[in-house]
Amino acid sequence: MNVKIDIEMTPEELRRFFGLPNVGDMQDAIMSQMKQTILDKMSEQGLPEIQAGFVEQSFKAMEAYQKMFMDALEQSSGNKDE
């Protein structure tokens, strides 16, 4: 037996229905602080230095994911030297 119920609600109505807090003001404040921090850093360091930091972190994250997947593959195949 299948039962299907369609309810039309806005995200705001759904949030209220589940009793979740309204964090919109807090999110706006955090985004404003992040924007100001980025603008301050850009004026201090310049865009190339900021981009270099992002690129470096991206490569580190990519290497970490590659290591994680390779370790899982080696462990599942039983070829891991211990």
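None of the figures in this text is laboratory data; all of them are computed from the coordinates on show. None of these values were measured; they are calculated from a predicted model. No Cβ is skipped: glycine too gets one built from the backbone with ideal geometry, and neighbour counts run over all protein chains shown.
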Set the Förster radius R0 to 41 Å, insert the Cβ-Cβ distance between SER77 and LEU39 as r into 1/(1 + (r/R0)^6), and round the FRET efficiency to 0.05.
-> 0.25
Cα gyration tensor category, rounded, prolate or oblate, for the chain with a/c compared to 1.5 | oblate
